[in-house]
1. Accessible area, 1.4 Å probe, largest first: how do VAL69, VAL62, VAL46 sort?
2. What net charge is computed for the residues neighbouring VAL54, neighbours being all others with C-beta under 14 Å from the C-beta of VAL54, Lys and Arg scored +1, Asp and Glu -1?
3. If you keep only loop residues by DSSP, which GluC sites (Glu not before Pro) in region 23-87 have at most 10 other Cβ atoms within 10 Å of their Cβ?
Amino acid sequence: MAIWPWAILIVVPLGGGILYFIGYASVATLAAAIAILDGARASGQVSAEDFPRVVGRISFFVNAGLRFVTELCKMRAFAELWEEIASDRYGVQ
């Protein structure tokens, strides 16, 4: 599987399996992670007490380009956005 420099891989541990998603832009990838978590919560795959642990175990594997400062800034912004989403939308600290 080829992963391009702008691709982001999300790994979500759900129950007995792991769900993988490859996104091609940071915002679309965050939206996909939200959709996956909302779907898992709504379907009952994850209990309410286990849900914060699932949110905390989501992994984003991000490739970076050659422009170090630009890529560092994008990753810091991505991390801050995900922290805000986790706390505001899901109540996970």
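The values are calculated or read from the model by the stated rules, or taken from the named source; none is laboratory data. Everything numeric here is computed off the predicted structure, so don't read it as measured data. In this analysis, Cβ positions are derived from the backbone assuming ideal geometry, glycine residues included, and neighbour counts consider all displayed protein chains. Quick note on the areas: whole protein, heavy atoms, side chains included, nothing else; ligands and nucleic acids left out. Shrake-Rupley method; radii C 1.70, N 1.55, O 1.52, S 1.80 Å.
1. Values: VAL69 100, VAL62 50, VAL46 15 Å².
These residues rank, largest area first, as VAL69, VAL62, VAL46.
2. On the way: positive: ARG41, ARG53, ARG57, ARG89; negative: ASP38, GLU49, ASP50.
My count for the surroundings of VAL54 gives +1.
3. Taking region 23-87 and a limit of 10 other Cβ atoms within 10 Å, the loop GluC sites (Glu not before Pro) found are GLU49.
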